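The values are calculated or read from the model by the stated rules, or taken from the named source; none is laboratory data. Just so it is clear, the model here is predicted, and its values are computed rather than measured. Neighbour counts run over all protein chains shown; Cβ positions are idealised from the backbone, glycine included.
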Amino acid sequence: MEDQELKKHTVHHTLAHSYLVYFILLLVGIILDIIFDFKIFNYFVMVPVGFVFLMLATILIIWAQKTGRDFREIRQELKAEHFCRGPYYYTQIPTQLGLFILLLGFGIITNSFFVIIFTVLAFFISKFVFMGKHQRILAEKYGSAYIEYIHRVKF
């Protein structure tokens, strides 16, 4: 039991570090935008697009979190289908994707070049540094069912 608690803690630590990268790079982007004030869009044209991104991202994050809570209630033998629920049917990282879209929408609304650039950078760092570790922890915890899920859902 203690070993599983440690793994859960490690999964959450990995995710927390990933979210911290987003936060730090967002702050760096905001500071650089304040210093350099480099604009990339006709401000009024892109604001509705940014708001659509914010709304879609919020829905995706809430959906992912609700689905994740529902997953804990499964008491039978795990199969890959158990992981293919809600937004996890389409992507292995719906919360990360939602956070990316949310910050991208913020960058578009504020017409912030550096926020957009650093949001893209944070997504790639998160995807290729932290999510690999996250997958290894979950594969160790859930075994072949999770590995089969990883092969089914590539992104």
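Looking at the stretch 22-37, can you tell me whether even one residue there is part of a helix (DSSP H, G or I), modelled with pLDDT under 90 and within 14 Å of the chain's Cα centre (by Cα)? The answer is no; no qualifying residue exists. Determine whether the stretch 118-136 contains at least one residue that is among the β-branched types (Val, Ile, Thr), within 29 Å of Val45 (Cβ to Cβ) and touching a residue at least 60 places away in the same chain (Cβ under 8 Å). Checking the stretch 118-136: at least one residue is among the β-branched types (Val, Ile, Thr), within 29 Å of Val45 (Cβ to Cβ) and touching a residue at least 60 places away in the same chain (Cβ under 8 Å). The helices (runs of 4 or more DSSP H) falling completely within the stretch 49-135 that include 3 or more residues that are at pLDDT 90 or above and surrounded by 14 or more Cβ atoms within 10 Å (Cβ to Cβ) map to 94-109, 113-125. For the stretch 136-147, a tally of residues being surrounded by 15 or more Cβ atoms within 10 Å (Cβ to Cβ) and not in a helix (DSSP H, G or I) returns 0.
With the requirement that a residue be within 18 Å of Gln65 (Cβ to Cβ) and free of Cβ contacts under 8 Å to residues at least 60 places away in the same chain, what does the stretch 101-117 give you? Matches in the stretch 101-117: Ile101, Leu102. Among the residues of the stretch 99-132, those that are over 14 Å from the mean Cα position of the chain (by Cα) and of a type outside the set (Gly, Ala, Ser) comprise Phe106, Ile108, Ile109, Thr110, Asn111, Phe113, Phe114, Val115, Ile116, Ile117, Phe118.
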